[in-house]
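One structure is given below, encoded as structure tokens.
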Amino acid sequence: MAAPRLVADAAPAGAVPQGSVWRHPEARHAVHLSGAEVGYALRRSARRSIGLVVDAQGLRVAAPRHATLAQVEQALHAKAAWILRHLAAQRQQSLRRREVQPVWGPEAELPFLGERLSLRPQAAAWQLDAAAALLHAPLPAEAPPAQWAAALREWLRARALAHFRERCALHAPLMGVRPSRVALSAAVTRWGSASAAGVIRLNWRLVHLAPALIDYVVVHELAHLREMNHSAAFWAHVRAVLPDFAARRAALRAAVLPSLD
């Protein structure tokens, strides 16, 4: 059983303007909620209940095969305030992301483990000077932004995997679990996942964030090796290791990261 999603959404936004329109790229159905039009992607499966996920693309609905469209829309109306609040938060986060998106090159700063690294070109090899917050890169200063982005992405992925494995090795014994493997993910809407086979996958983009926020995701996914749900027992495992997990979770939800894609 896959771990529930950690959706990278922003903090709840304010009132939603009348006449707002949201449309998921896979939408084949639309509903009017409190004056707003919401086009949503609908997928049916053998599940027993109707589930809702709001992510950067919009609203996705998972419904049982036997559920009628009227029943689906009844559930959407019941959750209208929640849906609109989170859609507005996603739009706000998208705007913030555009504001912080740099043009990759020697003038850009790279978020790394909660710090901002200045980039220095013309190096013989990658070299991190953490004390001076400098990253020396084996790229010419005049390399195009796409080349800088691709090189920085690969450097970050390597550093991310090493850091994630180190943190899992630290926390797993404290939680009485042993992951079978720690791997990277590039999921759009998930910070991490845990499988019944014990595989922990962590989004490489977490390496931009402060270690305390990374540890929250690590502990969250390790706790799923004890409880494949979000029950009280699950949160007790998280709280035993991170008593301040709620504050870390709130900070994670508010995080806005630059794109290297």
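The values are calculated or read from the model by the stated rules, or taken from the named source; none is laboratory data. Remember, predicted model here, so these are calculated numbers, not experimental data. Positions of Cβ are generated from backbone atoms using ideal geometry, with glycine treated the same way; all protein chains shown enter the neighbour counts.
Before moving on, here are some points about what is shown:
- For segment 165-183, the set of residues classified as closer than 22 Å to R116 by Cβ and either in contact with a Gly (Cβ under 9 Å, 6 or more places away or on another chain) or of a type in the set (S, T, Y) (or both) is empty.
- The residues in segment 216-261 that are of a type in the set (D, E), surrounded by fewer than 18 Cβ atoms within 10 Å (Cβ to Cβ), in the same structural domain as A196 (by TED's automatic domain parsing) and out of contact with any helix residue (DSSP H, G or I) (no Cβ under 6 Å at 6 or more places or on another chain) can be counted, and the count is 1.
- Complete set of residues in segment 45-54 that are in contact (Cβ under 8 Å) with a residue 40 or more places away in the chain and out of contact with any His (no Cβ under 9 Å at 6 or more places or on another chain): V53
- Among residues of segment 73-96 that are within 30 Å of S259 (Cβ to Cβ), those with a beta-carbon under 7 Å from a residue that is polar (S, T, N, Q) at least six positions away or on a different chain give the pairs L84/S34.
- Scanning segment 67-125 for residues that are more than 30 Å from L213 (Cα to Cα), buried (at least 16 other Cβ atoms within 10 Å of the Cβ) and of a type in the set (S, T, N, Q) yields a total of 0.
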